[in-house]
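The values are calculated or read from the model by the stated rules, or taken from the named source; none is laboratory data. Only a predicted model underlies this, so the values are computations on that prediction, with no experimental measurement involved. Here the Cβ is made from the backbone with ideal geometry for all residues, glycine too, and neighbour counts use every protein chain on show.
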Amino acid sequence: MPVTPLFRDDFYLSTAEGVVTAVHDDGSIELDQTCFYATSGGQPGDTGFLERADGSRIELGVTVNGADKSIILHKPLDGQPRPEIGEKLVLHVDWARRYKLMRMHTACHILSVVCQYPITGAAVGEDESRVDFDMSETIDKDDVTAKMMEIVAANHPIYLQWITDEELAANPGIVKSKNVRPPIGLGRVSLVCIGENAAIDSQPCGGTHVSETQEVGEIHIAKIEKKGKENRRFRIKFGKPEA
């Protein structure tokens, strides 16, 4: 059954109510609505727990999509109780983890502003992320860090704009990723915009992000690795560069 993805309209929503619509043989739980983000686009799915009426918990190991993006599966850890169809649960996202992923995912977008090359891969992590670019040039990681921190410190607003699948298809040039296409098939696609009137960046993305660049905090490029003749991997970490 299609789920209402509450996180799409509020990245800061960490608690909500949901009704169980399906429980699969492997224990995966479907709900009528959820604030849990499902693994997609290089960003890990949310963890946390589902609270039952008696106060007991169903601890979740990961959240993933089902056969398509309209299905979100909440996967409990081993040995957790199974809820009943129609049971109302209170959803609790592990907010500390989600917020770090939101900051990191936003940092990846900022990196793509500084390094304007086609993206060949990316993975968002809690403490370190990577972005791969189709490039052969040599570039100084400290210079990249400084330019990223300029954008962070300027505290630009970050917001979503929505376009239709058809509008995206008619404007393929707005996609920076070389190998991964934005999530389509649900009728609309979100553009993550940075800066007033998207002056800094506008990029199709279904992940979660902070609302202003200053929230990203101190970040730096820890390493730039050569991955083939025309591929460079940038590793982003929180904090100041190591001496």
Inside region 79-124, can you point out the residues that are out of contact with any Ser or Thr (no Cβ under 8 Å at 6 or more places or on another chain) and within 21 Å of S211 (Cβ to Cβ)? A96, Y99, K100, R103, H109, L111, S112, V113, V114, V124
Could you say which residue among I151, I163, I174 is modelled with pLDDT of 95 or more and surrounded by 13 or more Cβ atoms within 10 Å (Cβ to Cβ)? I151
Which one of the conditions (1) within 30 Å of H109 (Cβ to Cβ); (2) among the acidic types (D, E); (3) free of Cβ contacts under 8 Å to residues at least 60 places away in the same chain does D68 fail to meet, given that it meets all the rest? (3)
Odd one out for M104 among (1) surrounded by fewer than 20 Cβ atoms within 10 Å (Cβ to Cβ); (2) of a type outside the set (D, E); (3) closer than 12 Å to F238 by Cβ: (1)
Enumerate the pairs (first residue in region 116-135 and more than 15 Å from R232 (Cβ to Cβ); second residue anywhere and part of a loop (DSSP other than H, G, I, E, B) and hydroxyl-bearing (S, T, Y)) with beta-carbon separation below 7 Å, excluding pairs fewer than 6 apart on the same chain, so at least 6 apart or on different chains. none
Selected residue [part of a helix (DSSP H, G or I) and touching a Lys or Arg at 6+ places or on another chain (Cβ under 9 Å)] from V152, V131, V113: V113
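Applying the selection to region 60-77, what residues are of a type in the set (S, T, Y) and more than 11 Å from S28 (Cβ to Cβ)?
Listed by number, the list holds a single entry, S70.
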Going through (1) of a type in the set (D, E, K, R); (2) surrounded by fewer than 17 Cβ atoms within 10 Å (Cβ to Cβ); (3) assigned to a strand (DSSP E or B) one by one, E30 fails only at (2)
Here are I224, I163: which of them is over 26 Å from D46 (Cβ atoms), of a type outside the set (D, E, K, R) and either in a loop (DSSP other than H, G, I, E, B) or not assigned by TED's automatic domain parsing to the domain that holds A38 (or both)? I224
Going by the conditions given, is L168 outside any loop (DSSP other than H, G, I, E, B) and surrounded by 18 or more Cβ atoms within 10 Å (Cβ to Cβ)? yes
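Residues are listed down the side, and each one gets a yes or a no for (1) surrounded by 15 or more Cβ atoms within 10 Å (Cβ to Cβ); (2) part of a strand (DSSP E or B); (3) not assigned by TED's automatic domain parsing to the domain that holds A16:
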{"residue": "V62", "(1), (2), (3)": "yes, yes, no"}
{"residue": "D68", "(1), (2), (3)": "no, no, no"}
{"residue": "H74", "(1), (2), (3)": "yes, yes, no"}
{"residue": "Q80", "(1), (2), (3)": "yes, no, no"}
{"residue": "P83", "(1), (2), (3)": "yes, no, no"}
{"residue": "L89", "(1), (2), (3)": "yes, yes, no"}
For region 15-26, check the following and say yes or no: at least one residue is surrounded by 17 or more Cβ atoms within 10 Å (Cβ to Cβ) and not in a strand (DSSP E or B). no
Residues being within 21 Å of the chain's Cα centre (by Cα) and of a type outside the set (A, V, I, L, M, F, W, C): count how many of those fall in region 146-171. 7
Which ones in region 225-239 are farther than 13 Å from E128 by Cα and surrounded by fewer than 18 Cβ atoms within 10 Å (Cβ to Cβ)? E225, K226, K227, G228, K229, E230, N231
